[in-house]
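Below is one structure; the comments refer to it alone.
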Amino acid sequence: MKKTALTYLLLGGILMSSGCDLVDPTEVTNPNLTEEAILNTNNPMTPWVAGVKRQLALTVNAHVTFLEIGSDNYENVQTFYNQNLDNLTIRPQDADINGFQFQLGRLREMADYGLTVVKNADPLTTADQEAELNFYKAYSYLLSGEYFSFLPVTAGGEAVEWRSILGMAVETFRLAESSSNTQISAAASLGIARANYRLGNKAEAVQAANSAISKAPNLVYYAQFDQAQGPVNTMQTALYDRGNFDDLQVLPRMDFLDPKYYFRGASQASPVAIFKIEEAHLILAEAAISDSNLNSAKSVMTDIVNLVGSRERSTFNNNQQDRTQLNPGSRPNNSDVQVRFSPGAPLIEGLVLDRKSGNVTVPTISGTSVSVADIDALNDLDDALETLYLMRQEIFIAEGRRLADMGIKLVISEVEYLANPNIDAGSPGTSPVIPPFIDSIKDELDAFDYDAAAGICTIRHNINRILVENKTSELVLPFH
Amino acid sequence: MRRVLLGFVLLMMSSSLVWAQSRTVTGKVTSKEDPAGIPGLSVVVKGTTQGTVTDLDGNYSLLVPGSDAVLVFSFVGLRTKEVPVENKTVINVVMESDVKALEEIVITGQGAGVEKRRLSTTVDQMGEDKISKMPVVQLDQILRANMPNAQVRLGSGQPGTASLIRSRGPISAAVGTTPVIYVDGVRVDNLNSAAQLSLGTGGAQSSAIADIPVENIESIEYVKGGAATTLYGADAANGVIQIFTKKGTAGAARVNFETQIGSQVGTEDYLFFKETADIIFRPGLQQSYRLGVDGGNDKFTYSFSGNLYDDEGYRYGLGQTRRNFRGGISAKVNDWITYSSTAGFSSNEFTRDYNANSSFSEFGNLETVGRWGDLTTLNRNELDSITQRIRRTIELTNITERVRRFTNSQQFDFKFSEKVSARALFGIDARSTRQQDITTNAQLIQRGFVPEGTTDRGTIDLFERNFFSLTGQIDASWEENVGKFSFLTIGGGQFFRNQDEQIQINASEVTEGSISINNAGEKNVTDFLSAVTNYGFFLKENIGFRDKLFAEVGLRVDGNTAFGNEIGLQFFPSVGLAYNLSDEDFFRKAFPNYSVSTIKFRANYGVAGNFPRPFANDRIINSNTYLNAPSFTFGNPGDPTLKPERTSTTEVGADLGLFSDRIKFQVTYYQALTEDALFSAPFAPSFGQGNQLRNIGEIENKGWEIGANFVVLETNDWNVNVTASYNTVQNEVLSSGGAPEFNVGGFQFLGSFIKEGQPLGYFRGNRPILDENNNITEVIPNAALGSPIAPRFGSMSLNVNYKGLSLFATGDYQHGGQTVAVDDVLRYFAGASTVIPENLVGGNFFDLAGLWVQSSDYLKIRNIALSYKIPSQFYGKAIQSMSIGFNVLNPINFFKADVDPEVSGAGFGTQNSFGGGGFGFGTESLPRTYLGTLRISF
């Protein structure tokens, strides 16, 4: 018996060993593409540049919504988006601030990786591709310098002061100005104008603004989203797609500008403009005011109104938008409402739309309530400056720009200083910068009083007036 | 009716009974312990399929073919007896105890079963008697409150959803706490959280545990971790659940039929508004039909069971149909080879509704006030209007899931001699699941989410996952006695290959009315693939001295194809010592059996592991479609030094029996240290790189496991048994290697995080410090607010038998942990919070986070089962036994929080991640279920 058993075992063993290939369970299936595999593909630079452009969209998503909440533009009335910024509570522990820094770092590092590793691996790399990567890298510097007083601008590096970072932005934008793509070249010039504007370098800013205007007089450079494959536009989700979940509520005096982004179909997303030529004119006008040249400023401001008037508007149904369903009657919600910009200011009509009766028409690039007649009537530099800042606010609404105009700078995130040996909790840049004249009213930035029966809404504070009143502060209005 | 039944029974038995020129032999089977007769004992004519089992009084009656027949009497725990028939017509038999067989055998580790007395580790077991008292629907429900040292929390009352199963606390931040699961020696899919890809329908996440075929289970073993799991390989550190299914017992065919009918009723215990129940709950019919047959002879046995189950759920929008079949056979090929095979198939289909973190969750919307307002202030007409709108919305909601699963095990047992045996085993688990969510424009308009007249917002989301697992194992055992020493050697090799293929399609701008993604304007497709083989070799030596003192040494060596030589082979050792003091003569003389009946001391040390996610060490570039072209981005940053995390467990314990084991205690203290713990901690954001799994953590779990069993009353008619357990878990992240903390669940304002000095998944958020007038004096940002891991938990049961009447009740509890009342956060927004002081309404809710963290203490009675064995005089001889039963599931709940502390709408983690749960958010609790059962055996 035992002999038979042994024979069976032996036979079984032989059969098994010869058939092992047929039943081999150790085949390795790795669905990932390693760095080495990617760099060995033909012309990896093209998809790499596309990837950095996609990263630009992610970077826009990472800051626009919560910075709009932080400003007087929008109030967050639900749970979904950042609550701290609404009262300008700016802490290193804030996940959105950390996320913003992460996407900025990733945009810069991806551009750098393209300019070094991918370029070395791909002989087909073109000068335009290099210029485009430099443009994205410069944009990362630009936002870093605009929104942080100190921030590391290399992986795990020391925190650099914002002026130096903006200087790096200028230098890097210059490398992108050579692009044969007019959009990128003009946007790079505008980027230089903006960086110099923030630095208070009036002459350089004006020069770059003029350069941008001459290259592309109708420039709009968008961060593009992909409605079908992602990333989708977070601000579009917040303002429109979340339907009756009314997260973000606009300051009533800018109701007519909301929502800048809306659902355009399954394959088309609303893009976010990150550079548009209006900004160049706004810089020129502000430079003229700071030079006490009112007539020149008025002339530029008239050009802006005309330019804005020529920009695209969209008409769509927005009747699922309530103001607001959690507390009906608490916010202006019809065109009969008149708005005061501050207590005692004149009542202005036509700023609030009817959303429950038919379609609404909303500017999707730039809009303003300021008319040519309003500009003609200006005869005081400070009034002109206030009107200019109102235009700035209205033109840039929902683009994440306002907080920088209010002189506010965020902080280095806790994760950065915990994981970066060059920075610790007490390092410069770990406390926020909030101008005292904003800090004193930070809980009331979005506040207003509304008499629904009388149809009168009074905004508590005219922030533009407050900024002008404090124009000599080094934190705001850099040309003054 | 009785005739029909009889006819059916005759038909079923005709294949196995011989009606030839035979004669009837009758008799009574007794033993010293059961002089009144042994019921259920098998009597078989040797070498044939003819046989029967004894009745309640131990009597049998059997047709035998002739006088040369030999009757074989067998029963678990008794020595098998063979009696020649000769010319006798009455054969009474007195059986004797088989002392060795009476020793509880566990399969622990690999290979042959081992007597419990030889082991230095503990294993919880659940036998058929206990399982039969639970309405068998899904595995986690069976285990809940029935395993003394394990905790099972079901995350949602919706069908097929995930549960949290844990025993000694979470040992890893990289995986969940669910043990690995074997069915008849074959590894099965134990994914108990969202898959890598899956549909977002709020909080309810599908679980592979919910559809493990649970038909025909003979017993379940729960190995809790530590040294006991060492031999199971590199991913068994969370423990092992072994399920053994029936392969039949010798004897004439026995047919069992069971029908269960009852009703599911939504539990209102946790509701904020009573009106929510009126609007959304409705009782649903639950019905189940089960047919089983088993039998065989001394060479071949078989068992089959099939079950059809259907329930309508306890609320609108839910429902589930299950079809389960399982068969098992065992055949003696020859004197030294036995072949056995089991196969199970389950098909589950269910519908769900949105819940938890979704603005489409109608249950959540009702309970959180914002959407529909304060329901208590609404009049009848307003409530009716809301009711109609919501029910219409649910009607238009179309979330379905279908799971089909086949498990199979093939086993050859070789018995070369009394001392040497071997086993070869292979089997598969094939599970395919398909989730679909069809959102029509009509549904969105009904929700008020898009304007009237919208035609371009319809979507279909589709998710398919195919999981295939192949297990193969060969092992051998050798038992040898040399003088006062006994040796048990087990060695072998094992591999299991898991292939996980997932695909998700999101189709948008779908033409109204379409159920096919073909009719979509845009489609977005993502897939996921993982195919990896784990293989290992194990050797275990158990040495006995004078059959009282046992020492164990074991080693498992493991490899993984995803890492190959980069990680190489991993070694997991174990050692243990067991001493059965009460078996010593000197002890027995000092303490007679009626005083201290059992004392056993145990101590062991073992290492178990957990491999990183496959290919987590590679530096990866990801490719995405962006604006109709490929685009590259940084993927996994890569770590060439990545290796498995290792958990070393030391445990000491004792088993104590008093008064002839009428009172039994099992006490264990354990300390488990996970080194090189895999943390997915972030890099500084300036690196711009995603998180990378790194071996930088250290996690400690320590605590006590105490189980007790009391035989309160034991007479001929009465048997009253009470069990209780108390377990402690002290969990702490000892080190995070200097890395910042990271999120593993929850929300931005209040999340579940991993941080040095805190328990895994601790709740982090801002803590407001209030003065006596409830004004905020200070806000502590990112404070430690609590832990989802309750540091104390346990279960209890009561079993009362009086003649044929039986009452069985189980319950469990936890104490000392926390949960987050997320529902109230949303109520706060609507000005209806019952947690936040009135003067703080309108403030920044981020700063109020700490106030929503509440005690998660609960005590829940899970199951009360009453059954009655109807005496035979009521139904005659055609039927062997008949019983009726009544069950109430989830009847009584005691809890402190403003939510059900067991459910969690967020924080369950996904595949290859840790989740602690603990976010009570718009999630329905398990329903109260009333069931009537009729069981008939032929």
task = Any chance you could run the full-extension gain for B:PHE601 through B:ILE543? It's 0.36 nm times the residue separation minus the Cα-Cα distance, nm to one decimal.
result = 19.3 nm
task = Go through segment B:340-354 residue by residue and turn each phi into a ³J(HN,Hα) via Karplus (6.51, -1.76, 1.60, θ = phi - 60°); whole Hz please, and just put x for glycine and proline.
result = 9, 8, 10, 9, x, 10, 9, 10, 10, 10, 8, 10, 10, 10, 4
message = If I model a spin label as a point 7 Å beyond the Cα along the Cα-Cβ vector, how far apart are those points for B:ARG392 and B:ASN775 in nm?
response = 5.0
ask   = Does anyone have the angle between helix A:95-113 and the longest principal axis of chain A? Alpha-carbon axes, 0 to 90°, nearest 10?
value = 70
note = Computed from the beta carbon distance with a Förster radius of 30 Å, FRET efficiency for B:ASP661 and B:ILE884 to the nearest 0.05 stands at 0.40
key: Minimum 10 Å² accessible area buried by the other protein chains, segment A:294-325 residues, probe 1.4 Å, relative to alone   = A:ASN317, A:ASN319, A:GLN320, A:GLN325
Whole-Å distance, taken between Cα centres, linking segment B:778-839 and segment B:861-910 = 22
inquiry  = Compute the distance from the alpha-carbon center of segment A:404-464 to that of segment B:23-86, in whole Å.
reply    = 88
Delta accessible area of at least 10 Å² on complex formation, residues of segment A:260-277, 1.4 Å probe, chain isolated as reference = A:PHE263, A:GLY265, A:ALA266, A:SER267
note = Among segment A:421-458, those whose backbone N falls under 11 Å of a label point 7 Å along Cα→Cβ from A:GLU158 are A:422-423
B:LYS332 - accessible surface, heavy atoms, 1.4 Å probe, Å² rounded to 10 = 110
task = Using the heavy atoms of the protein chains and a 1.4 angstrom probe, tell me the accessible area per residue for the protein assembly as shown in square angstrom.
result = 37
query = Dipole of segment B:19-98 (Lys/Arg Cβ +1, Asp/Glu Cβ -1, origin at the Cα centre): which of B:PHE73, B:ASN59, B:VAL90 lies farthest to the positive side?
reply = B:VAL90
ask   = If you take the charge dipole of the protein assembly as shown about its Cα centre, with +1 on Lys and Arg Cβ and -1 on Asp and Glu Cβ, which of B:THR454, B:VAL25, B:GLN818 is farthest toward its positive end?
value = B:VAL25
ask   = Just for the protein assembly as shown, what percent of DSSP beta bridges are antiparallel, to the closest 5?
value = 95
request  = At 20 Å minimum axial length over the Cα atoms and a Kyte-Doolittle cut of -1.0, report the qualifying DSSP H helices in chain B, or say none.
outcome  = B:380-396
inquiry  = Not counting ligands, DNA or RNA, and with a 1.4 Å probe, what is B:ASP124's accessible surface area in Å² rounded to the nearest 10?
reply    = 10
inquiry  = Run through segment A:150-199 and list the trypsin sites (Lys or Arg not before Pro) located in a DSSP loop whose Cβ has at most 15 other Cβ atoms within 10 Å.
reply    = none
query = With θ set to phi - 60° and the Karplus curve 6.51 cos²θ - 1.76 cosθ + 1.60, what are the ³J(HN,Hα) couplings of segment A:61-67 in order, to the nearest whole Hz, using x for Gly and Pro?
reply = 4, 6, 10, 4, 5, 6, 6
message = Could you compute how much accessible surface B:PHE874 exposes when probed at 1.4 Å, giving the result in Å² to the nearest 10?
response = 140
Simple label model, 7 Å out from Cα along Cβ direction - B:LYS877 to B:LEU734, nm = 7.0
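When only the heavy atoms of the protein chains count and the probe is 1.4 Å, how do B:THR715, B:THR459, B:THR471 rank by accessible area, highest first?
If we order B:THR715, B:THR459, B:THR471 from most to least accessible, we get B:THR715, B:THR459, B:THR471.
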task = Obtain the nm distance between the two label points defined at B:ASN381 and B:LEU807 by a simple spin-label model: each point lies 7 Å from its Cα along the Cα-to-C-beta direction.
result = 5.2
message = As I understand it, the value is the acute angle between the Cα axis of helix A:381-395 and the longest principal axis of the Cα atoms of chain A; what does it come to in degrees, rounded to 10?
response = 30
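How much of the accessible area of the protein assembly as shown, probe 1.4 Å, is carbon plus sulfur, in whole percent?
After summing per-atom areas, the C and S share lands at 54 percent.
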key: Mean-position separation - Cα centroids, segment B:409-444 and segment B:303-321, in angstrom   = 21
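Across peptide B:531-538, how many C-beta atoms of other chains are within 10 Å of each residue C-beta, on average?
That average works out to 3.
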request  = State, to one decimal in nm², a quarter of the convex hull surface area for the C-alpha atoms of chain B, i.e. the direction-averaged projected area.
outcome  = 43.0
key: Probe 1.4 Å, all protein chains present, accessible-area order of B:TYR930, B:TYR309, largest first   = B:TYR930, B:TYR309
key: Estimated vicinal HN-Hα couplings, Hz - segment B:483-488 in sequence order (Karplus 6.51, -1.76, 1.60; Gly, Pro = x)   = x, 7, 9, 10, 10, 10
query = Ranked by accessible surface with a 1.4 Å probe, highest first, in what order do B:PHE634, B:PHE75 come?
reply = B:PHE75, B:PHE634
inquiry  = Checking an interface number: how much accessible area is buried between B and A, summed over both chains, with a 1.4 Å probe, in Å² rounded to 100?
reply    = 6200
note = Here the residues of segment B:622-654 whose accessible area is at least 20 Å² smaller with all protein chains than in the chain alone (probe 1.4 Å) are B:ASN624, B:THR625, B:TYR626, B:LEU627, B:PRO630, B:SER631, B:PHE632, B:THR633, B:PHE634
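The values are calculated or read from the model by the stated rules, or taken from the named source; none is laboratory data. The model shown is predicted, which means the values in this text are computed figures rather than measured ones. Ideal geometry is used to build each Cβ from the backbone, glycine not excepted, and the neighbour counts take in all protein chains shown. The area values use the complete protein model at the heavy-atom level, side chains included, leaving out ligands, DNA and RNA. Shrake-Rupley method; radii C 1.70, N 1.55, O 1.52, S 1.80 Å.
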